[in-house]
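Peer 1: I have a structure here, written as structure tokens, and I will follow up with some questions on it.
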Amino acid sequence: MLTLQENPLRVGLKQAKTPEPLILVIFGASGDLTQRKLVPALYQLKKEGRLPAEMTIVGVARREWSHDYFRQQMRQGIEEFSDGIGKEELWEDFAQGLYYCAGNMDEGESYQKLKTFLGELDGKRGTRGNRVFYLAVSPKFFPAAIKQLGAAKMLTEPLKHRLVIEKPFGKDLSSAQVLNRIVQNVCKEEQVYRIDHYLGKETVQNLLVFRFANAIFEPLWNRNYIDNIQITVAETVGVEERAGYYETAGALRDMVQNHLLQLFCLTAMEAPSGISADSIRGEKVKVLQGTHLADIKNLEKSAIRGQYTGGWMKGKPIPGYREEKDVNPLSTTPTFVALKLMVDNWRWQGVPFYLRTGKRLPKKVSEIAIQFKNVPLTIFQSAAQQTNPNILALRIQPNEGISLRFEAKMLGAELRTRTVDMDFSYGSSFGMATADAYHRLLLDCMLGDQTLFTRADEVEEAWRVVTPALTAWDAPADPNSIPFYEAGTWQPAEAEFLLNRDGRRWRRL
Ligand code: BG6
């Protein structure tokens, strides 16, 4: 059996950058993700000429839709959530490859029916038995769908059959282990693509380029020069229409275990030996293995949760989390989390990584801020000459870019210093907007490149890191024991204290 690296098909595909003819089967075809993200991203790939002529997409969901109705729905999604249909002939060509097959996720018969239908499409469309099965469904259906795909022998050929699994992958370490076992029973790891859409963001991929294609930062990228690292993913939105899911998840499961820990890994990992999927993912696993909450015995010194109460944003009143539709009025689900992580290795010993994320914060902003140590001796001593530590800020979104903050002499006869920024912005340097994450992720899974997908051991290690906080916060507690913050403010006071205790402050964003 060929390994993925030796697989000539994959190497060829990587060079050609156009996938082999294939059928992409989307489970959850009537859902939001398909209409808002997946199909618009596929259509964008079509516009760019990145899809094979034989490209075929089969939507699967419970509702009894016709092929034509599915096509109409997808067209609506493209019109509403991307920059439109463009040339009508292009849409016609794309729509010819769109099909729908009604089915029930946990009934064997539906999979047999699907299998037969896919076989017919192979003959009609020339898709050669190549399949990507995309589970864009509620996570409660993952186990049944994966087992059924296995039982129907639809994942038997590693070089032809792939499985894409949306997040969340499990709801804690043990459920993720169980899910991994279910997956491993029906296919090989090289067939599996676990989605974390943050890895599809250009700015996140640029972390690798920034760190490993430039010589000047590496000598400074360690405990000798770095004082602390702050990773913030702030959102202005609340729980929206997703309370059913969010009430069972909360910010630690929804954002930290996946997106923030991925940002952390790419910031903290060692240089991989190459850009193959396994060398990069291997380094991420290694750094996670050495990572833990700063003080597990006194959790409040390393993990803070919070929940938004009513407040004001942009002049409008905002309801508190407990007042949102379908939320338990005594819910203790965290909508904000701040963690202090430490990494036990030679590079990072003693350097805290502060991570925070929350909903209903004043600004939508994601960034990684590397705060360097201050100068060993200040020779500019008056208040007007005080110096601040250098900060390298990697802006993930919006206003994507990188800035380096340093001290400069102000113009004039007096010796006064001021903090200034040296700035790189994607928009002005490349003159184009960054693509949607799904655009890249869909192309990569069709090409068979797993670099931007999480591996089984990686997802488990990430769960392990957050387990002490999950365990404590999942335990029944007094509903008022959760710290609150007003919608439109940055965080509960406890989260400020997490850094103040160390003589530090959160960066003002
Ligand atoms: C999703 C979470 O994974 O990421 C959402 O489930 C969150 O709760 C979203 O809003 C944030 O993604 P982005 O790309 O807007 O930062």
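Peer 1: Being touching a residue at least 60 places away in the same chain (Cβ under 8 Å), surrounded by 22 or more Cβ atoms within 10 Å (Cβ to Cβ) and over 16 Å from the mean Cα position of the chain (by Cα) is the filter here, so list the residues in the range 250-279 that pass it.
Peer 2: Ala268
Peer 1: Related question: Which of the numbered conditions does Arg125 fail, given that it passes all the others? Conditions: (1) in contact with a Ser or Thr (Cβ under 9 Å, 6 or more places away or on another chain); (2) at positive phi; (3) basic (Lys, Arg).
Peer 2: So Arg125 meets the others, but not (2).
Peer 1: I'd like to know if the range 204-223 contains one or more residues that are β-branched (Val, Ile, Thr), within 12 Å of the ligand (Cβ to nearest atom) and within 12 Å of the chain's Cα centre (by Cα). So that I can check it myself, show each step before the final result.
Peer 2: Filtering the range 204-223 for residues β-branched (Val, Ile, Thr) gives 204, 209, 216.
If we keep only those that are within 12 Å of the ligand (Cβ to nearest atom) as well, we get 204.
Among the residues that remain, those that are also within 12 Å of the chain's Cα centre (by Cα) are: 204.
Yes, the range 204-223 has at least one match.
Peer 1: Also, I was wondering about something else. Considering only residues that are among the hydrophobic types (A, V, I, L, M, F, W, C) and more than 16 Å from the ligand (Cβ to nearest atom), look in the range 357-372 and name the one that is farthest from Gly401 (Cα to Cα). Talk me through it step by step, then tell me what you get.
Peer 2: Taking the range 357-372 as the starting set, the residues that turn out to be among the hydrophobic types (A, V, I, L, M, F, W, C) are 361, 365, 368-370, 372.
Narrowing further to those that are more than 16 Å from the ligand (Cβ to nearest atom): 369-370, 372.
Numbers: Ala369: 12, Ile370: 14, Phe372: 19 Å.
Filtering the range 357-372 for residues that are among the hydrophobic types (A, V, I, L, M, F, W, C) and more than 16 Å from the ligand (Cβ to nearest atom), the one farthest from Gly401 (Cα to Cα) comes out as Phe372.
Peer 1: Being aliphatic (A, V, I, L, M), assigned to a loop (DSSP other than H, G, I, E, B) and in contact (Cβ under 8 Å) with a residue 60 or more places away in the chain is the filter here; which residues of the range 453-507 pass it?
Peer 2: Going through the range 453-507, the residues aliphatic (A, V, I, L, M) turn out to be 456, 459, 462, 465-466, 469-470, 472, 475, 477, 482, 487, 493, 495, 498-499.
With the extra rule that they be assigned to a loop (DSSP other than H, G, I, E, B), the set shrinks to 475, 477, 482, 487.
Of everything in the range 453-507, those that are aliphatic (A, V, I, L, M), assigned to a loop (DSSP other than H, G, I, E, B) and in contact (Cβ under 8 Å) with a residue 60 or more places away in the chain turn out to be Ala477, Ile482, Ala487.
Peer 1: Might you check whether a residue that is assigned to a strand (DSSP E or B), acidic (Asp, Glu) and either over 28 Å from Arg194 (Cα atoms) or touching a residue at least 60 places away in the same chain (Cβ under 8 Å) (or both) occurs anywhere in the range 416-424?
Peer 2: Yes, the range 416-424 has at least one match.
Peer 1: Yes or no: Lys167 buried (at least 18 other Cβ atoms within 10 Å of the Cβ), within 16 Å of the ligand (Cβ to nearest atom) and over 21 Å from Ala249 (Cα atoms)?
Peer 2: Working: buried (at least 18 other Cβ atoms within 10 Å of the Cβ): yes; within 16 Å of the ligand (Cβ to nearest atom): yes; over 21 Å from Ala249 (Cα atoms): no.
For Lys167, the condition - buried (at least 18 other Cβ atoms within 10 Å of the Cβ), within 16 Å of the ligand (Cβ to nearest atom) and over 21 Å from Ala249 (Cα atoms) - is not met.
Peer 1: Exactly one condition in (1) in a loop (DSSP other than H, G, I, E, B); (2) surrounded by 14 or more Cβ atoms within 10 Å (Cβ to Cβ); (3) away from the ligand (no atom under 16 Å from the Cβ) is false for Thr236; which is it?
Peer 2: (3)
Peer 1: Condition first: more than 16 Å from the ligand (Cβ to nearest atom), assigned to a helix (DSSP H, G or I) and modelled with pLDDT of 95 or more. Can you find one or more residues in the range 248-265 that meet it?
Peer 2: Yes, some residue in the range 248-265 is more than 16 Å from the ligand (Cβ to nearest atom), assigned to a helix (DSSP H, G or I) and modelled with pLDDT of 95 or more.
Peer 1: Of all residues in the range 398-415, count the ones that are out of contact with any Asp or Glu (no Cβ under 8 Å at 6 or more places or on another chain), part of a strand (DSSP E or B) and small (Gly, Ala, Ser).
Peer 2: 1
Peer 1: For the range 268-346, which fully contained strands (runs of 3 or more DSSP E) count at least 2 residues that are in contact with a helix residue (DSSP H, G or I) (Cβ under 8 Å, 6 or more places away or on another chain)? It would help to see each step written out before you state the result.
Peer 2: On the way: elements: 291-293, 303-309, 311-313, 316-318, 336-343.
It comes to 291-293, 303-309, 336-343.
Peer 1: Please work out if Thr434 is modelled with pLDDT of 95 or more, crowded, with 17+ Cβ neighbours inside 10 Å, within 25 Å of the chain's Cα centre (by Cα) and of a type in the set (Val, Ile, Thr). It would help to see each step written out before you state the result.
Peer 2: Details: modelled with pLDDT of 95 or more: no; crowded, with 17+ Cβ neighbours inside 10 Å: yes; within 25 Å of the chain's Cα centre (by Cα): yes; of a type in the set (Val, Ile, Thr): yes.
Criteria not met by Thr434.
The values are calculated or read from the model by the stated rules, or taken from the named source; none is laboratory data. Every value quoted in this text rests on a predicted model; they were computed, and no experiment measured them. Note that each Cβ is placed from the backbone with ideal geometry, even for glycine, and that neighbours are counted across all protein chains shown.
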